[in-house]
Amino acid sequence: MGNDLNQNLVIGLDAGGTRTRVVLASAADGRVLAEATAGPGNALTVPPRQLTDCLAEALAGVMPEGARDRVVAVAGGFAGATAADADDPGTVRARGALAEALRRLGVPEGPVGIWSDIEAAFAAAPGAPADGLALVAGTGAVAMRIAGRQATTTVDGDGWLLGDEGSGFWIGRSAVRAALRMADGRGRETVLARLVGRSLGLPVDVLPTGSVSSYGEAGAPGPPGAGARGTGVTDWSRARREDFRRHLLPAVMADPPIRLARFAPLVAEAAGEKDAVALEILDEAADHLLDTVRALEPGPGERIVATGGLLGPAGPMTVPLTERLHVLGLSLDWVADGGPGAVALARIMYDGRGR
């Protein structure tokens, strides 16, 4: 970095449920000078001491000791925090942990701002917008209306037990349910049973055989009463289906429920093979995400900044949701994460135009 550090510097943090990313940038033009990552940074679920240690580790990774007195503003986007309420428990914990981490590293006191990770992601869109809509569709799903760089209205984001409809968790759970329904005879044939079973390491001899192409019309039901032994699956007897269920259920239950999200890519894979059940799951997920956005009552042409793996350039929900939003006169701006947004917020604070 050399001479790049002989200038005023800003720091942006994107602290999520699985990792914390810290970006060191020029205060003058926002040019990124260094990046580092550390462990999870959710302000509500990570214990305060662990959160402080995580932040200090990531901050130390981008700031040589000789440059720490050049930091003029720090902005953090934290899962579990919000800019709208300074007394929110997550916001208080994030502010305290960040202040202690900066003190530990000898960074001079200066402007420090706390936002949610979603508010930071919204600011990562081109032009660092202050107003509009944010949509997150990854492991969870939530939409927010942003005004003055703060969330004013939230739709969903209610967690795996009560909400997050259309999320990676929701899609993954639907995949396992489809597999179980096929096995017990309530559901249609789908390659998801084999894909889910294989992913869980179930014995090969309990898995259904065949592929979508061998089913004839993808996911089509068999003759009345045939259940999972319709026209496509070879030798999946009732006994083998019972064995499938007996192995699958404890394998799933051994992990926290949110881990069901890991099966979402299998649905995208099956949909790519034209499996009708997988296609319907993705179609319903897109409808859920559309309902989440519509609940914010967007105006025609209003900006929607999206983030999360389901809506990225290769995300399985990008095309179906974009098509639905187009009918409403809406479009998506996708951002990878809140790191650039946090840098933008720090620069705004330094320039005196922000909060």
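The values are calculated or read from the model by the stated rules, or taken from the named source; none is laboratory data. The structure displayed is predicted, hence computed values, not measured ones. Cβ placement follows ideal geometry from the backbone for every residue including glycine, while neighbour counts extend to all protein chains displayed. Areas reflect the complete protein model, heavy atoms only, side chains present, ligands, DNA and RNA absent. Shrake-Rupley method; radii C 1.70, N 1.55, O 1.52, S 1.80 Å.
Things to note:
- Which listed residue is touching a Pro at 6+ places or on another chain (Cβ under 9 Å) and open to solvent by less than 10 Å² (accessible area, probe 1.4 Å), from Ala58, Ala97: Ala97
- Candidate set from the range 282-298 (those that are hydrophobic (A, V, I, L, M, F, W, C) and over 18 Å from the mean Cα position of the chain (by Cα)); member that is least open to solvent (accessible area, probe 1.4 Å): Leu296
- Exactly one residue out of Trp160, Trp170, Trp115 is part of a strand (DSSP E or B) and out of contact with any Cys (no Cβ under 9 Å at 6 or more places or on another chain): that is Trp115.
- Residues satisfying the stated conditions in the range 141-170, i.e. open to solvent by 30 Å² or more (accessible area, probe 1.4 Å), among the polar types (S, T, N, Q) and farther than 15 Å from Glu297 by Cα: Gln150
- Of all the listed residues (Gly66, Gly76, Gly61), the sole one being in a helix (DSSP H, G or I), closer than 16 Å to Ala25 by Cα, out of contact with any Lys or Arg (no Cβ under 8 Å at 6 or more places or on another chain) and in contact (Cβ under 8 Å) with a residue 60 or more places away in the chain is Gly66.
- Set Arg238, Arg262, Arg229, Arg246: member being modelled with pLDDT of 95 or more and over 31 Å from the mean Cα position of the chain (by Cα): Arg246
- Top-ranked residue in the range 95-148 [being over 21 Å from Leu24 (Cα atoms) and charged (D, E, K, R); ranked as nearest to the chain's Cα centre (by Cα)]: Arg145
- Scan of the range 174-211 for residues that are open to solvent by 40 Å² or more (accessible area, probe 1.4 Å), in contact with a Phe, Trp or Tyr (Cβ under 8 Å, 6 or more places away or on another chain) and not in a loop (DSSP other than H, G, I, E, B), ordered by number: Ser199
- Count of the range 73-94 residues, restricted to those that are more than 11 Å from Asn42 (Cα to Cα), at pLDDT 95 or above and surrounded by 19 or more Cβ atoms within 10 Å (Cβ to Cβ), is 4.
- Cross-chain or 6+ apart pairs with Cβ under 6 Å, the range 112-137 first and buried (at least 24 other Cβ atoms within 10 Å of the Cβ), then among the hydroxyl-bearing types (Ser, Thr, Tyr): Ile114/Thr91; Ser116/Thr82; Ala121/Thr307; Val136/Thr307
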